[in-house]
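K.L.:
My questions all concern the structure below.
The values are calculated or read from the model by the stated rules, or taken from the named source; none is laboratory data. This is a predicted model, so every value here is computed, not measured. Note: ideal-geometry Cβ built from the backbone for every residue, glycine included; neighbour counts use all protein chains shown.
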Amino acid sequence: MAAITFSREIGSDGDVLALRAAEALGYCLVGKDQIAEILRQYGLVEFDSAHERLPGFWERFNAQREQYRHQIVRMLNQIVPAVARHGRTVIVGRGGFAILQGYADVLHVRVQAPVALRAQRLAALEGLTVPEAEARLLEEDKGRAAFLESYYRVRWTDATLFDLVVNTGKVTTEAAVSWIVEAARRLEAGPPPGPTTADLQVDPILARTVAEVLARPRA
């Protein structure tokens, strides 16, 4: 059973593509809210305090918050494989592409767009000026890149880590979704040689928790 990870730049419309692809495939869309609920139900209640102390998930690092970053990484390293093992899931962000590198039945998608376009989108969405939006998204990019380089030793902009890179400045939503759906269906039919998510060892209680949370209708 295939899983898809989405890594997206802020303002790239990556969340839209992830939702549309999940709907087209009948997959569960798994974002920060679902991951937080799984962790709470599983018993990792410290996630709440760690997460709330961070202004943003990908905030820039400083020594005072080191302990909380380690907590989050440890939790993600448990929950993301469990979600992938469940199958037929679209995992949005949370370093999924780095955590699940090397699994033949996982499709890694990166969504990007030119900075100017991203700034325009963000400004329209949040009522910012374009310069304000551009400054914010560039800061966000730095934070995400620093997180991944620090904890997973990968470069966020390294296209070789992804199976499909989509530039929404040139590719329409409809075209991008069709590519993603086709690729996912090919993996469902038979992934290339290599380890698959079926090989992942997941705590049975965590696996049951994932199944229960993902079975709930989205609000």
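K.L.:
For residue 96, are the conditions met, namely being surrounded by fewer than 17 Cβ atoms within 10 Å (Cβ to Cβ) and touching a residue at least 60 places away in the same chain (Cβ under 8 Å)?
P.N.:
Taking the combined requirement at face value, the residue does not satisfy it.
K.L.:
Of (1) surrounded by fewer than 16 Cβ atoms within 10 Å (Cβ to Cβ); (2) in contact (Cβ under 8 Å) with a residue 40 or more places away in the chain, residue 155 satisfies all except one. Which?
P.N.:
Unmet for residue 155, out of (1) surrounded by fewer than 16 Cβ atoms within 10 Å (Cβ to Cβ); (2) in contact (Cβ under 8 Å) with a residue 40 or more places away in the chain: (2).
K.L.:
With 190, 194 as the choices, which residue is surrounded by fewer than 13 Cβ atoms within 10 Å (Cβ to Cβ), at pLDDT below 90 and farther than 20 Å from residue 31 by Cα?
P.N.:
190
K.L.:
Quick one: in segment 159-187, which of the residues that are over 15 Å from residue 90 (Cα atoms) and within 16 Å of the chain's Cα centre (by Cα) is surrounded by the most Cβ atoms within 10 Å (Cβ to Cβ)?
P.N.:
This residue is 166.
K.L.:
Still on this structure, please answer the following. Would you check which residues across segment 116-138 are part of a helix (DSSP H, G or I) and loosely packed, with under 15 Cβ neighbours inside 10 Å and list them?
P.N.:
Those that are part of a helix (DSSP H, G or I) and loosely packed, with under 15 Cβ neighbours inside 10 Å: 116, 124, 125, 126, 130, 131, 132, 135, 138.
K.L.:
How about segment 67-115: which of its residues are closer than 18 Å to residue 202 by Cβ and in a loop (DSSP other than H, G, I, E, B)?
P.N.:
Passing the criteria: 87, 88, 94, 95, 100, 101, 102, 103, 104, 105.
K.L.:
Would you point out which residue out of 40, 20 is in contact (Cβ under 8 Å) with a residue 60 or more places away in the chain, assigned to a helix (DSSP H, G or I), surrounded by fewer than 24 Cβ atoms within 10 Å (Cβ to Cβ) and basic (Lys, Arg)?
P.N.:
None of the others qualify; the one that does is 20.
K.L.:
For segment 149-170, which positions are assigned to a helix (DSSP H, G or I) and in contact with a Phe, Trp or Tyr (Cβ under 8 Å, 6 or more places away or on another chain)?
P.N.:
Within segment 149-170, 149, 150, 161 meet the criteria.
K.L.:
Related question: Given the structure, is residue 146 surrounded by fewer than 18 Cβ atoms within 10 Å (Cβ to Cβ), at pLDDT 90 or above and either not aromatic (Phe, Trp, Tyr) or not in a helix (DSSP H, G or I) (or both)?
P.N.:
So residue 146 does not fit the description; no.
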